[in-house]
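J.: Take this structure first; my questions come after.
Values quoted throughout were computed directly from the atomic coordinates according to the rules given, and no laboratory measurement underlies them. What you see is a predicted model; the values in this text were computed from it and never measured.
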Amino acid sequence: MAPNSPTTSDRWTARQERGMDGLQLDRNAVIPPIGPTSCLIKMAAVSLNYRDVAMMTGAYPGRFEGSMVPCSDGAGTIIAIGSDVSLYKVGDRVCTLFSQGRQSGFVTPAIRETTLGNKLDGVLRRHAVFDETGLVAVPASLSLIEASTLPCAALTAWNALFGLEGRRLKAGDAVLAQGTGGVSLFAMQFALAAGATVIATTFSDTKAEKLRRELGVQHVVNYKTNKHWGETVRGFTPDQEGAHHIIEVGGENSMQQSLKAVRAEGVISVVGFLGGKPLAGQELCSFTDVLFIAAVVRGINIGSKEQFVAMDGFIDQYDIKPVVDEKIFKFAEAREAYQYLLDQRQWGRVVFSFD
């Protein structure tokens, strides 16, 4: 440990499926030693994903044993480095990489074992040690609070729109983003900056107005009052042949309509499961439906450091500001923040600020 570096730090730990009572504040936890290629980070901000809440309620498909430090998305400042660190220096502002082992290329089973806030201890702590390869420089145009929203939601949206060779988003394309969660909001912002037509779905008239006024979304469809919204979305695309890209967050409950909204050879990026289990008697899609429309249905597992760096450049180039909820939580308010997200009271990302 470097001279004058802290040796202990406050942190939150989580036990799965215990609800908000599974979150416990652990004071004065020992900070692990800094290895030759490691950096000690003073965390400044952490943002929540639905994944974090789903783990506490038992809705997340992946499990962890015992207790762990939750959350994957954070940003802070390097306050000490190992002897062999070459990528960063003390004082640099950095984000955490969701999959610490994913530097480039496709995800593998081994890389899946390096995810923060599940397989590895996450970022809901005041200080953390990460290898330099598991960190990404903060875009120059963003604050640390804004940057804390990037590692999962933003990178997932980027991968969905730009990560498939031959299907990368381009100006004039049509993009459908479902709902107003983190991934969808980032997808809208990236698509609008790229010159695409953006169509969004929501059940809230208030959020529909925000999408139009604050983000500049061209078309918004209420999926609660319009049960056949897929056909409506298709009609909003410039050539009425369907969307080039769909950000699919509902899972089985919305895929049928997504297939009606997508164009032939379009891409449906499956990034969530917010719709829950199908209701009795609900119409679901089949393999035949996918075959008939000839769409690419692609499961997204966040993205790589290489993609993160490219996304950072795009954010700076187009001056994209993450949508952050007006209520910023303090470090000690973890349970309240989790419940706030669970109750869907937010507009944008739910963030903790440690300062």
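J.: Considering only C-alpha atoms, what is the centroid distance from region 299-338 to region 30-54, in Å?
T.: So the separation of the two Cα centres works out to 15 Å.
J.: At 0.36 nm per residue, minus the direct Cα-Cα distance, what do ALA140 and ALA193 gain on full extension? Give it in nm, one decimal, please.
T.: Length difference between fully extended and current span is 17.3 nm.
J.: Here is a further query. Dividing the alpha-carbon Rg of region 44-97 by 2.2 N^0.38 Å yields what?
T.: This ratio for region 44-97 stands at 1.51.
J.: Could you give the C-alpha radius of gyration of region 156-299 expressed as a fraction of 2.2 N^0.38 Å, taking N as the number of residues it contains?
T.: With N residues counted in region 156-299, Rg over 2.2 N^0.38 Å equals 0.94.
J.: Kirkwood hydrodynamic radius of region 131-200 from all distinct Cα pairs, in Å?
T.: 13.0
J.: With a ≥ b ≥ c taken as the square roots of the eigenvalues of the C-alpha gyration tensor of region 47-184, please select rounded if a/c is under 1.5 and otherwise prolate if a/b is larger than b/c or oblate if it is not?
T.: It is oblate, given that a/c is not under 1.5 and a/b is not larger than b/c.
J.: Are there DSSP H segments in the chain that both extend 18 Å or more along their axis (alpha-carbon positions) and score a mean Kyte-Doolittle hydropathy of at least -0.5? List them, or say none.
T.: Sorted by number, the helices that extend far enough and score high enough are 305-318.
J.: Okay, next question. Debye calculation, C-alpha points only, no solvent: report log10 I(q)/I(0) for the chain at q = 0.12, 0.13, 0.15 Å⁻¹, in the same order as the q values.
T.: The computed values of log10 I(q)/I(0) come out as -0.85, -0.99, -1.29.
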